[in-house]
Amino acid sequence: MRTNSTNNIPNVPNNTSPPAESFLDAMDRLNRAYPPNTGRQNSSQVPSSSTSTTSNSQSKPVASGSGTAMTQVAPRSLQSTTPSQPLPNRPINHLQAFLSNYRPGPAFYKPGEVPRITKQDYYQYAVLAKTVMNQIIKDWNPHPLSPQELSEYRASTESRIQKIRRLEARQAENFPVLERHTEDALWMARLDYRLHFPRIFRINDLPAEIIANIFSYVVWSCREPQDGILARTRIIGICRHWRTVALGDPTIWNAIWFRDRPHYERSWTWFDRAGTAPLDIRIGDTKEEPMSLQAMEELLNKLFAKLSYIRILIIVVQDWDPALLVLDRLRNVARDNTPLIMERFEMHRAGSPYVQMGAGYEPSFYLQPMALFGGAAIPSFEYFSVNGIHVDWMKSQLVNLTTLDIRRIPLERAPTLSQFRGLLSNSPALRKLILDGAGPQWQLEEATTYPPIVLHNLRIMVLGDFSMSYGVYILSQISAPHVLDVTLMNLTGEDYSPFFNALHTPEIKLLCIYNVEIIISPTIATTMVKWLVSMPLLTYLRISDIQGMLIDFFLYDPQSESMAVEPPARVISPKLAFLEWQTMDPMIVARWTAGRRRIGAPLQKMYVLHPMSKNITESQHAALSEAINPGRVLQLPPGARAPEEEALRAGSSSI
C-alpha cells in the first residue's frame, strides 16, 4: 500500500479538551476497557443498565489521551466501537478474503515472541474495519424497533458474545503462544459485535437529564470549534425529542465564538438559547478582515445586555480602536455598580505591538490608560491576560489572580516595579505567569533594595522575548521554588549565560525551549551543564528552532563537562523520557535521541507536531524510529497536548 510521509507517524488526539478519538483508537481503548464477556445475559432479557451505558459510550467515545501508535499484536489493538443497524444475523465474509490477500507472517508465534505490525499491516486492518462498517450500516433505515425486532437483535447480540467467548477460550488455551488465525478471528468477532450491539440501546428511554449530559460530553469533546458547531447542529436534527432535550439545556449553547460574520446569526441564536447560563464568549477578527469600531460597538451593545452572566471574555482584534472600546465599555461596571461573575478576561491586540495607526486616539481621553472594570473589584476574577494593550495598573483591582499574562507592552506603558511586585504579592495563589516581551519598568537601582517575591504556588512560568540583562532583572524579583513547567522563547543575539545562572527551578518537570540561541563562550558549557543538572526531575522536553549545540548539553558528562562517549556515573536529566519537537532538522533529532540511548537514558516517546511531520521523508522517519527503538514516534496535532504532559501538569507521580 502506497502512503505519503504524513502517514508515517501515527496521530495523537488533541487533549486541550476531551477530544473525539480516531476510529481505531476508540476500538482499542474501549474493547480493553469494556470487554463483552463481563457476564452472561439471557437473550430474552433487556440489557442491563451497565451494559447499555457501555454500548452508548462506545457509540460516541471520548479520548483517553493515549497516542495513536501501532501496537505490537495487531488484531487486539484494532477493534471497533462504531454503532450500526444491520439485520440481526448477517454473516461476515470479509475475513477469509482478507487473509487470502494478506501475508501477516507465521501462523504461530513462540512464547515471548511478539509480532510487529508494519505500516502496511496497520492500514490493511483499517481499510478492512471501514469496509465492514460501511457494508453493515449501508442498508439500514432508521425506525422504531418492533418487539419482534428487539427480540431478534437481543438474540443475535447474545450469539455474538458467545462467539467471542469461544474464541477467547481458545486464545487462553494457546497462551502464551499466539495463533494468528484465532487472533484475527477474535478481532473480527469483536468488530462485528461492536457494530451491532448499540442498535438495541434504548437511549430515548433515559431521563432527559442523562441524555443532556451525554450531549454535553459530545459537544465539549470536539477537537476543533467547527466540529463543535457541527455536533450541535446534528444533535438537534436527529429527532424531535433530541432537539427538545438539547434546546432545554442552556449549557450546551453557552460557549459562543463570534466569528460568523457579518451578522453573527448563529452566535446570536446560541446567545438566546444559553438563557441565564454563565457565558464563555470569544470575539475574533482576522488580518484580512479586521473588525471596525462600528462593528465592535454594535456587537457590544447587544452582548453586554448579559454582561452580568459572562464568565469568560476573550477578545482578539487587530486594531487599537475596537480594543480600546472594549476597555471603555467595561469601565461602566464601576459607574453602574454592575454585578459580575467574570472569572477570566483576555484582550489580544494582534496588530503592530507598539504603533497606533491612523489619526490617533479617538476619543482623546483614550490617551489615558483605563482601569479594568473602571477600578471595581470583582471577587470571582482570577485570570488576567493582555497582549499589545495596557491598562491603568495603579487603579485596576488585580488581586487574587491565578493567572497573570502580559505580552508585548512597551516599558513606558508597563507597570512600575512596585506595581508589578504588588500584582505578585497580592496573588498568593498565582499558578501561571507569562511575561512575553513585557514585565515591570526598568528600575534597576530600586530593584536592588527588594528581596524576591516568593511564589509558592506558581507551577507554570513563561519568559521570553527580552534581553539578557532584562531577563536577569526579572528573575531577581521572582522566586518560584515549586514551578513544574517552564517555557523559554526568543532569547537570541547575545550570551544568555547570566540568565541561565539566575534561573533556579529545581522541581521542573516540563521544559519548553523555542528559538533560544547559544553563543559560544569559555564558560558556556559550565553554565549550561550546571543549569541542566539543577533540574533532576525533568521528564518532558519540547523544542523548536534551536541549535543542535543546545540539546547536545543533555549528552554531556557533568563531571568532565564534555560530551559523554559512554554512560557516565551521573546522567543529566535521568528522568527525561518524552520529547516533542518541530522546526528542527530530523537527523539532528535522531542523532540526539540515539545519543540519549547511548548514555543509558533512552526516550520512551517522541512527538512530532503535525505540520513538521508532513515534511519528514521515509528515510528520516526510519532514522527517528531506529534511534528511539523500542520507544515510539507519534504525531501530535496542532494545539494538542500529549497525555504525559497533561499528567505532569496535573501533578501525577506515575509518569
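The table below lists the values:
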quantity: Residue check, Thr505 assigned to a helix (DSSP H, G or I) and in contact (Cβ under 8 Å) with a residue 12 or more places away in the chain; calculated: no
quantity: Given (1) of a type in the set (S, T, N, Q); (2) within 21 Å of His348 (Cα to Cα); (3) at pLDDT 95 or above; (4) surrounded by fewer than 16 Cβ atoms within 10 Å (Cβ to Cβ), number of the condition Gln368 does not satisfy; calculated: (3)
quantity: Thr233 vs. criteria surrounded by fewer than 13 Cβ atoms within 10 Å (Cβ to Cβ) and either under 27 Å from Val132 (Cβ atoms) or β-branched (Val, Ile, Thr) (or both); calculated: yes
quantity: Residue check for Leu541: at pLDDT 95 or above, over 19 Å from Ile520 (Cβ atoms) and outside any loop (DSSP other than H, G, I, E, B); calculated: yes
quantity: Qualifying residue in region 562-571 (condition: surrounded by fewer than 15 Cβ atoms within 10 Å (Cβ to Cβ), among the basic types (Lys, Arg) and in the same structural domain as Leu491 (by TED's automatic domain parsing)); calculated: yes
quantity: Among (1) over 34 Å from the mean Cα position of the chain (by Cα); (2) crowded, with 20+ Cβ neighbours inside 10 Å; (3) more than 30 Å from Cys239 (Cβ to Cβ) - the single one Thr157 does not satisfy; calculated: (3)
quantity: Test: residue in region 523-546 that is farther than 15 Å from Tyr496 by Cα, in contact (Cβ under 8 Å) with a residue 40 or more places away in the chain, in contact with a Lys or Arg (Cβ under 9 Å, 6 or more places away or on another chain) and not basic (Lys, Arg); calculated: yes
quantity: Condition met for Ser146 (without any contact (Cβ under 8 Å) to a residue 24 or more places away in the chain and either in contact with a His (Cβ under 8 Å, 6 or more places away or on another chain) or not aromatic (Phe, Trp, Tyr) (or both)); calculated: yes
quantity: Verdict on Val454 being farther than 27 Å from Arg349 by Cα, free of Cβ contacts under 8 Å to residues at least 40 places away in the same chain, crowded, with 16+ Cβ neighbours inside 10 Å and touching a strand residue (DSSP E or B) at 6+ places or on another chain (Cβ under 6 Å); calculated: no
quantity: Filter pass, Trp268 being in contact with a helix residue (DSSP H, G or I) (Cβ under 8 Å, 6 or more places away or on another chain) and either at pLDDT 95 or above or part of a loop (DSSP other than H, G, I, E, B) (or both); calculated: yes
quantity: So Pro250, is it within 26 Å of Glu346 (Cβ to Cβ) and exposed (fewer than 13 other Cβ atoms within 10 Å of the Cβ); calculated: no
quantity: Options Arg431, Arg413, Arg421, Arg459: the member that is out of contact with any Gly (no Cβ under 6 Å at 6 or more places or on another chain) and closer than 29 Å to Asp336 by Cβ; calculated: Arg413
quantity: Pairs with Cβ under 8 Å, 6+ apart, first in region 172-185 and under 18 Å from Ala129 (Cβ atoms), second modelled with pLDDT of 80 or more; calculated: Glu183/Gln171; Ala185/Leu167
quantity: Residue satisfying all of: in region 270-286; over 24 Å from the mean Cα position of the chain (by Cα) and touching a residue at least 12 places away in the same chain (Cβ under 8 Å); surrounded by the fewest Cβ atoms within 10 Å (Cβ to Cβ) among these; calculated: Thr276
quantity: Residues (surrounded by fewer than 18 Cβ atoms within 10 Å (Cβ to Cβ) and in a helix (DSSP H, G or I)) located in region 626-646; calculated: Glu626, Glu646
quantity: Filter pass, Val316 being of a type in the set (Val, Ile, Thr), closer than 27 Å to Gln397 by Cβ and assigned to a helix (DSSP H, G or I); calculated: no
quantity: Options Asp285, Asp319, Asp280: the member that is within 19 Å of Ala255 (Cα to Cα) and at pLDDT below 95; calculated: Asp285
quantity: Lone unmet requirement of (1) within 17 Å of Leu128 (Cα to Cα); (2) surrounded by 12 or more Cβ atoms within 10 Å (Cβ to Cβ); (3) free of Cβ contacts under 8 Å to residues at least 24 places away in the same chain for Lys138; calculated: (2)
quantity: Among (1) farther than 16 Å from Asp405 by Cα; (2) of a type in the set (S, T, N, Q); (3) at pLDDT 95 or above, the one test that Thr487 misses; calculated: (1)
quantity: Selection count, region 574-622, where residues are part of a strand (DSSP E or B), touching a residue at least 60 places away in the same chain (Cβ under 8 Å) and either hydroxyl-bearing (Ser, Thr, Tyr) or within 25 Å of Glu507 (Cα to Cα) (or both); calculated: 4
quantity: Options Asp139, Asp192: the member that is among the charged types (D, E, K, R), outside any helix (DSSP H, G or I) and within 26 Å of Ile238 (Cβ to Cβ); calculated: Asp139
quantity: Matching entry among Phe201, Phe197 (being crowded, with 17+ Cβ neighbours inside 10 Å, within 30 Å of Trp270 (Cβ to Cβ) and either in contact with a helix residue (DSSP H, G or I) (Cβ under 6 Å, 6 or more places away or on another chain) or not β-branched (Val, Ile, Thr) (or both)); calculated: Phe201
quantity: Residues within region 536-552 that are under 22 Å from Ile588 (Cβ atoms) and either in contact with a Pro (Cβ under 7 Å, 6 or more places away or on another chain) or surrounded by fewer than 19 Cβ atoms within 10 Å (Cβ to Cβ) (or both), tallied; calculated: 7
quantity: Members of region 251-268 that are farther than 19 Å from Glu209 by Cα and of a type in the set (Val, Ile, Thr); calculated: Ile256
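The values are calculated or read from the model by the stated rules, or taken from the named source; none is laboratory data. Here the structure is a predicted model, which means the values were calculated and not measured. Positions of Cβ are generated from backbone atoms using ideal geometry, with glycine treated the same way; all protein chains shown enter the neighbour counts.
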